[in-house]
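For reference, the structure is listed below as structure tokens.
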Amino acid sequence: MIDALVFSANAVLPIVLLIVFGYVLKRIGLLTKPFLDVGNKLTFRVLLPVMLFVNVYGIGSFSEIKPAFVLYGMGAVIVIFFLAVAVVCAFTKDSAKRGSLIQATFRSNYAIIGIPLATSLFGDKGAAAAGVMSAFCVPLFNMLGVITLSIFNGEKKQKVNVGGILLGIVKNPLIIGTVAGLAVLGIRELFVMWGVEFRLSDITFLYKSLENVKSICTPFALIVLGGRFEFSAVARLRREIIFGTAIRTLAVPILGLAGAYFLIPDLGGEHFATYVGVFATPVAVASAIMAEEMGADGELAGQLVVWTSLVSTVTIFIYVTVLRAIGIF
């Protein structure tokens, strides 16, 4: 048990401390709102896509991708989405709150916290597996988010725009980075078949530059995330915050991780490290922005980002400790 606790602390605490560091820097005035706004854009539009590209290219070959691993991840997210619709609709009749709560249930902060966590838990293999999953889960999160907020958006009713959803997926920087990585990996596989020795990594100055950008992505993104935290006493939303936080940090991780453990027994540690990123991480920061723009309860969505991030620092530690204790990691 001590070994499991030490393993969990070494994997989780560096991420938590960087988030706390960002919050402290904001509180003492070294990180300003304009800087954080630009930093957030830089993270999503440049740093994360480059990191995903390098992670995916780092996969040994397409043969290493387990179909059951990807299918379970996507299937579980879809099941959680439908369960969330049923449970949240029974919990509240307020359509705007329904949209924010449903999105918070299935949409994790996979890009900023999940992928670094998978890397911290299982090294390069964890990073590669998380990169592969991002090609499927990131567009799925975005698609379900748009559908949710198009239906449950308070007074601002909108029709579900399938074309707009597809365009948003295609233009998503995270998708572009992942697909580009898969494309270059495919070219490398062809080179292997044709007996060509050249690899992207042979262009040393370019590949080294990409790796340098990747290396600054995680610490920068986590510091910016911490700096964007805003705590406020929202008495009218206390019930919804407690409900949403409990669902996101307790119900969803237990359902997702237990299902993988019992349904797909031959998965490796890198796959479970990825599932921790998919199911156990807090609500995505982008969910609050999208909720505000599409007429859902933006204040509730923002508070769910903050409180699930706080609570998940404890719950993720527990889940990782349990998985280590039973021999997954």
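The values are calculated or read from the model by the stated rules, or taken from the named source; none is laboratory data. All figures in this text were calculated on a predicted structure; none of them were measured in a lab. So basically every Cβ, Gly included, is an ideal-geometry build from the backbone, and we count neighbours across all protein chains shown. In case anyone asks, the SASA skips ligands and DNA or RNA and just uses the protein heavy atoms, side chains included. Shrake-Rupley method; radii C 1.70, N 1.55, O 1.52, S 1.80 Å.
What percent does the relative contact order of the chain come to when contacts are Cα pairs within less than 8 Å and at least six residues apart?
Working: 451 pairs, mean separation 113.7, N = 329.
So the answer I get is 35 percent.
Relative to the longest principal axis of the chain, what angle (0 to 90°, nearest 10) does the C-alpha long axis of helix 115-151 take?
40
Just how many pairs of Lys in the chain have C-alpha atoms closer than 23 Å, counting pairs that are eight or more places apart or on different chains?
Total qualifying Lys-Lys pairs in the chain comes to 15.
Which of the three applies to region 1-153, rounded, prolate or oblate, going by the alpha-carbon gyration tensor with a ≥ b ≥ c and a/c under 1.5 meaning rounded? Intermediate values should be presented prior to the final figure.
Details: a/c = 1.55, a/b = 1.12, b/c = 1.38.
Because a/c hits 1.5 or more and a/b fails to exceed b/c, region 1-153 counts as oblate.
Need one word for region 1-58: rounded, prolate or oblate. Basis is the Cα gyration tensor (sqrt eigenvalues a ≥ b ≥ c); a/c below 1.5 gives rounded, then a/b vs b/c decides. Walk me through the numbers on the way to the answer.
Working: a/c = 5.59, a/b = 1.22, b/c = 4.57.
Cα axes put region 1-58 in the oblate bin.
Give, rounded to the nearest 20 debye, the magnitude of the charge dipole that the chain has about its Cα centre when Lys and Arg contribute +1 at Cβ and Asp and Glu contribute -1 at Cβ.
In total the dipole reaches around 780 debye.
How far is the Cα center of region 1-73 from the Cα center of region 197-243, in Å?
5
What shape does region 236-289 take by its C-alpha gyration tensor, where a ≥ b ≥ c are the square roots of the eigenvalues and a/c under 1.5 counts as rounded, a/b above b/c as prolate, and the rest as oblate?
Details: a/c = 4.57, a/b = 2.06, b/c = 2.22.
Since a/c reaches 1.5 but b/c is at least a/b, the shape of region 236-289 is classed as oblate.
Given the options Ile80, Thr43, Tyr23, identify the residue whose Cα lies farthest towards the positive end of the charge dipole of region 22-89 (+1 on Cβ of Lys, Arg; -1 on Cβ of Asp, Glu).
In region 22-89, that residue is Tyr23.
At 222 nm, what helix-only mean residue ellipticity would the chain give, in deg cm²/dmol to the nearest 500, using -39500 (n - 2.57) for each DSSP H run of four or more?
On the way: 14 runs with 241 residues, N = 329.
The per-residue figure over the chain is -24500 deg cm²/dmol.
Can you give the angle from 0 to 90° between the axis of helix 252-263 and the longest principal axis of the chain, with both taken from C-alpha atoms, to the nearest 10?
Helix 252-263 and the main axis of the chain meet at about 40 degrees.
Specify the angular offset, from 0 to 90 degrees and rounded to the nearest 10, of the alpha carbon long axis of helix 95-106 from the longest principal axis of the alpha carbons in the chain.
That works out to roughly 30 degrees.
What list of ³J(HN,Hα) values in whole Hz, one per residue of region 271-286 in order, does the Karplus curve 6.51 cos²θ - 1.76 cosθ + 1.60 (θ = phi - 60°) give from phi, with Gly and Pro shown as x?
Each residue's phi maps through the Karplus curve to give 6, 5, 4, 5, 5, 4, x, 6, 9, 9, 7, x, 5, 5, 4, 4 Hz.
Per residue, how large is the accessible surface of the chain? Use a 1.4 angstrom probe and give square angstrom. Mind showing how you got there, number by number?
Numbers: 14810 Å² over 329 residues.
Dividing the accessible area of the chain by its residue count gives 45 Å².
Among 311-322, 244-255, 33-44, what's the highest-first ranking by average C-beta atoms within 10 angstrom per residue?
Numbers: 311-322: 19.2, 244-255: 21.0, 33-44: 15.2.
Per-residue mean Cβ counts within 10 Å order the peptides as 244-255, 311-322, 33-44.
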